[in-house]
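The structure under discussion appears below in the form of structure tokens.
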């Protein structure tokens, strides 16, 4: 499954955010004398139930649907993509009957990683939910922001439509495997305290087909994707400063998810990984069995943030090598969420040979936001 984004937005889920711009903070600020909402809490006794939990959970503070994947153009060139919709509940009084009351905020990010360009193409949007223009519906995945939309059909297939300034994506994401409930039946720990947790499931090995349009030229694309859906109210440990996360579709049909939460000193506060093989057997790895070791760093010429874009990931006795499709996959979303983070397509190697492809997310590496 953003240092800038998430300190506030999770106050998003696992602090996968940091701080919004002043305009958004004013939008979300509760009016004087309003009754503060009581947000729902994550509990290990309440398992994730699908498909009904694929929809929104407005009683929780934060939520997101996160699709990442690799596409191939007709000439065989690889391109990475990211489509993310965030929902954030504000502190506004739920008893306010006004349709203009900003009780929920919808934010969306989209990005394209094309090595022929050498840097990330990305776009962002944000709006308060309402009037049929921005929403996250309950019961089934259906999230939209203007003409950006992610919709899950009755057969489990997702339709994604993103019309950004520099590119348009019209994709169909078809499940080839059952969803993967992370942690204990979807209860995913994010720290040493039981309350530091989220509800979290993944849909690996999605088969992708559709169109990529750039500069008025449409190309048929195909590939594979990974979708994460996560929601929570809690925050990370007070000493947490960011995390490294990987979701990877392996070539043999397996699926690998791993993350670690980092402290201000750079140490590991918490970590977890899950490896599901092609037969459906899941192996879980606890904090002491998961580590991310930087192998090479890249420094952004725009923000001066230094990211460990190439890493060695260990899950139990297995060591994986994560190699970026391109170094510059930094996404600056300060106009929507206040965050700067690295989210990039990576090749996953094992024993010196390719084992699969996935996406690596790196947050908390920007020391100070620059405006």
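The values are calculated or read from the model by the stated rules, or taken from the named source; none is laboratory data. As the structure is a computational prediction, the values presented were derived from the model and not from experiment. No Cβ is skipped: glycine too gets one built from the backbone with ideal geometry, and neighbour counts run over all protein chains shown.
Residue-by-condition table, conditions (1) modelled with pLDDT under 95; (2) buried (at least 16 other Cβ atoms within 10 Å of the Cβ); (3) in contact with a strand residue (DSSP E or B) (Cβ under 7 Å, 6 or more places away or on another chain); (4) part of a strand (DSSP E or B):
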residue: 56; (1), (2), (3), (4): no, yes, yes, no
residue: 64; (1), (2), (3), (4): no, yes, yes, yes
residue: 92; (1), (2), (3), (4): yes, yes, no, no
residue: 101; (1), (2), (3), (4): yes, yes, no, no
residue: 125; (1), (2), (3), (4): yes, yes, yes, yes
residue: 138; (1), (2), (3), (4): no, no, no, no
Determine whether residue 296 is within 22 Å of residue 202 (Cα to Cα) and at pLDDT 95 or above. no
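How do the strands (runs of 3 or more DSSP E) wholly within segment 150-199 filter down when requiring 2 or more residues that are farther than 26 Å from residue 125 by Cα: which remain?
Values: elements: 158-163, 168-174, 187-189.
Counting at least 2 such residues, we get 187-189.
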Wholly enclosed strands (runs of 3 or more DSSP E) of segment 263-342 bearing at least 1 residues more than 18 Å from the chain's Cα centre (by Cα) and more than 18 Å from residue 111 (Cβ to Cβ): 268-276, 282-285, 290-299, 306-315, 318-324
